[in-house]
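**Q** Before anything else, here's the structure in question.
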Amino acid sequence: RQDNTADGRKENVRRSGAAGNISIKQTGKRRDIMEDCIFCKIIKGEIPSNKVFENEYVYAFRDIAPCAPVHVLVVPKKHISSAMQLTQKDDALLGKIFEAVNEVARICGVDKSGYRVVTNVGRDAGQSVLHLHFHVLGGRPFMNDMSTPNAGCEEH
Ligand code: AMP
Ligand code: ZN
């Protein structure tokens with residue numbers, strides 16, 4: 001099948017299930033972006049990471065510069081640049097991502113105390129890695145801090 005990419009080109013995508021791909025074949029500029037993408041490299045094991053959880057659709061690992069005692073990044077294995085590129089066809093994948101978020105919270109022991117889930121989109125939000133990811137933050141209160149997790153980084 002063919003899907004439209006974020007920049008309007010066609011890409012050939014082989015899907016293995018309703019929630020997205022484990023086997024994805026992409027062409028042209030899109031492939032170059034993925035080959036340069038640090039999170040795609042982490043998923044492939046080409047860059048080391050501190051893994052917390054993994055399944056067919058999602059990879060979760062500790063943030064290298066944590067803003068809280070628990071700071072895990074939950075990342076779809078499919079390369080999607082940001083939440084802005086999500087469409088209805090990703091609804092099953094989003095369900096898988098949030099199942100993984102909640103599993104990560106249980107693994108890290110913050111499911112009872114609570115946690116914050118953040119995704120940054122674009123420059124003003126401070127998105128620094130252009131591969132969709134959800135920060136799972138916990139182990140400290142965030143009550144009066146609605147800013148991005150990075151804003152609290154200096155103190156933690
Ligand atoms: P954002 O600023 O929302 O795009 O988040 C990107 C996050 O990725 C930041 O919190 C970084 O600390 C984190 N990060 C960047 N490189 C790595 C890496 N190699 N391993 C783990 N986390 C990373
Ligand atoms: Zn990527």
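**Q** If DNA, RNA and ligands are ignored and the probe is 1.4 Å, what is the ranking of Leu130, Leu137 by accessible area, most exposed first?
**A** Leu130, Leu137
**Q** Roughly what would the spin-label model give for Ser128 and Glu56, points 7 Å off Cα along C-beta, in nm?
**A** 3.4
**Q** Using only the heavy atoms of the protein chains and a 1.4 Å probe, how would Lys77, Lys51, Lys112 rank by accessible area, largest first?
**A** Lys112, Lys51, Lys77
**Q** Compute, for the stretch 79-151, the length of the dipole vector about the Cα centre, with Cβ point charges of +1 (Lys, Arg) and -1 (Asp, Glu) only. Units Debye, rounded to 20.
**A** Result for the stretch 79-151 is approximately 120 debye, rounded to the nearest 20.
**Q** Heavy atoms of the protein only, probe of 1.4 Å, neighbouring chains included. What is the accessible area of Glu56 in Å², nearest 10?
**A** 80
**Q** Set the Förster radius R0 to 25 Å, insert the Cβ-Cβ distance between Gln85 and Val117 as r into 1/(1 + (r/R0)^6), and round the FRET efficiency to 0.05.
**A** 0.85
The values are calculated or read from the model by the stated rules, or taken from the named source; none is laboratory data. Treat the numbers as computed from the prediction; the structure is a model and nothing was measured. Counting neighbours? That spans all protein chains shown, and the Cβs are built from the backbone with ideal geometry, glycine included. Ligands, DNA and RNA are excluded from the accessible area calculation, which covers all protein heavy atoms including side chains. Shrake-Rupley method; radii C 1.70, N 1.55, O 1.52, S 1.80 Å.
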